[in-house]
Each structure stands twice: as structure tokens, then as C-alpha cells.
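The values are calculated or read from the model by the stated rules, or taken from the named source; none is laboratory data. None of the values given here were measured: they were computed from a predicted structure. Every residue, glycine among them, receives a Cβ derived from its backbone with ideal geometry; neighbour counts consider all protein chains shown. The area values use the complete protein model at the heavy-atom level, side chains included, leaving out ligands, DNA and RNA. Shrake-Rupley method; radii C 1.70, N 1.55, O 1.52, S 1.80 Å.
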Amino acid sequence: PNTRIPGGTRDTYCPTVDPKMTALVPEEMGLTVSNSPTFWFYIPYNSQEVQTGEFVLQDEKGEKDIYRTTFKFSATPGIVSLPLPENLPKSLEIERPYLWSLVVFCNPEDTDDNVALEGYVKRVKGNSNFQVYTDYAKKGIWHDALTDLAERRRDKPQDPKLEEDWK
């Protein structure tokens, strides 16, 4: 019939945006020297469009949770950091990959509307010569490089070198 009208609204789905939600660390295999690395993401949705997300760290096969948390977005769109807690029940083993995933809940009633990213992180042996983010970056240890750079920018927000490196 040509008198048909939609019976409901879908105003909770994630809108199409550019750039898309992005992991700021390698998705294939990010490296860290930390037992509690920080994960970094660009979230393009404002907090009125999506209010919650979930971050999960699992064993390599995705069978056992190491850490799981849900959280609320407050200052998005923008860069979000998700640090693992210092007191994980089990330390991240060196040279063992772990699967991580981030889900943004666009429509809690229909998981097909959610946006997700996933990747791997592997803890590697630290090097006492690593002092600053550039040392980590040269070795591809992006979790620690990005976290160190972010902390330095927070301490010295007007430093033009740190601002340029952040970009």
C-alpha cells in the first residue's frame, strides 16, 4: 500500500562519519613493554550519538577474558585512552599475543548497529635505554610511545615540538 509509513525511528545508530573510528595503535600486532598498556582510539561520534562502549582484552584465541570493562563517553568526538589497570589478575606474558576489541554501542537493541575494532597486542622485553617516546617509536613499540608522548603533552601543552610530534 502507498499509505505505508515507518513504524519506528532509528535515531540511535552510529552515523556515517569521516574519518571513521580508528585504533591509534597497530591493529595487527601492537607492541608494549608494559604489563598494563594504554590503548588509544579516535572516536568520531559525539557523546549524544553514542554514550557507552566496551573494551575487552582476551587470550590470543579470544576464548578467555583477561580484562573487560564498559565505559561512558564524555569528551567525544576525539581521542580516547583506555589504560589497563595495574592490578590485573594475571600479568601479561612476554612474547604472548593478546586479542583486544573495542565496541561502541550505537543501538543496544541491535548489535548489527554497533561499531567494533579489534587487534592484537604483545608484551615485549623492555630496554633500559628507552627514555622517551621517540625511543619506543623507533622500535615500533607504539602503545608506550603514544602514552609517553600524551603524558609529556599533558605536562607541557604549549611545547611546539610535542605538539608537532602529536600531529
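Brief remarks on what is shown
- With the convex hull constructed from alpha-carbon coordinates only, segment 118-157 shows a mean projected area of 3.5 nm² over all directions.
- Ranking GLY78, LEU162, GLY30 by Cα position along the charge dipole of the chain, where only Lys, Arg, Asp and Glu carry charges on their C-beta atoms, puts LEU162 farthest toward the positive end.
- Partners of LYS156 within straight-line reach, counting lysines whose Cα lies under 17 Å from its Cα and excluding those fewer than 8 residues away in the same chain: LYS167.
- Rounded to 10°, Cα long-axis angle of helix 142-155 versus longest principal axis of the chain: 90 degrees
- Once C-alpha pairs closer than 8 Å and six or more residues apart are averaged by separation and normalised to the residue number of the chain, the relative contact order reads 26 percent.
- 1.4 Å probe accessible area per residue over segment 33-167, in Å²: 58 Å²
- Reported value for segment 82-167: 160 Å³ per residue, from the convex hull of its C-alpha atoms.
- Of every Cα-Cα pair in the chain, the percent that sits beyond 28 Å: 30 percent
- When the Cα positions of CYS14, PHE105, TYR136 are compared along the charge dipole of the chain, TYR136 comes out farthest toward the positive end, with charges on each C-beta of Lys, Arg, Asp and Glu.
- Per-residue packing, averaged as other Cβ atoms within 10 Å, sorts the ranges 116-123, 144-151 into the order 144-151, 116-123, beginning with the highest.
- Efficiency of FRET from Cβ geometry, ASP112 and THR134, R₀ 41 Å, rounded to 0.05: 0.45
- Cut-off 20 Å, label 7 Å out along Cα→Cβ of LEU24, residues of segment 86-114 by amide N: 86, 100-105
- Expressed as a whole percent, the accessible surface of segment 9-167 that belongs to carbon and sulfur atoms is 46, based on a 1.4 Å probe.
- Total charge dipole magnitude, the chain, about the Cα centre, Cβ charges on Lys, Arg, Asp, Glu only, Debye to nearest 20: 300 debye
- Take every pair of alpha-carbon atoms less than 8 Å apart whose residues are at least six positions apart; their mean separation over the length of segment 59-148 yields a relative contact order of 22 percent.
- Span from the segment 17-51 Cα centroid across to the segment 75-125 one, whole angstrom: 8 Å
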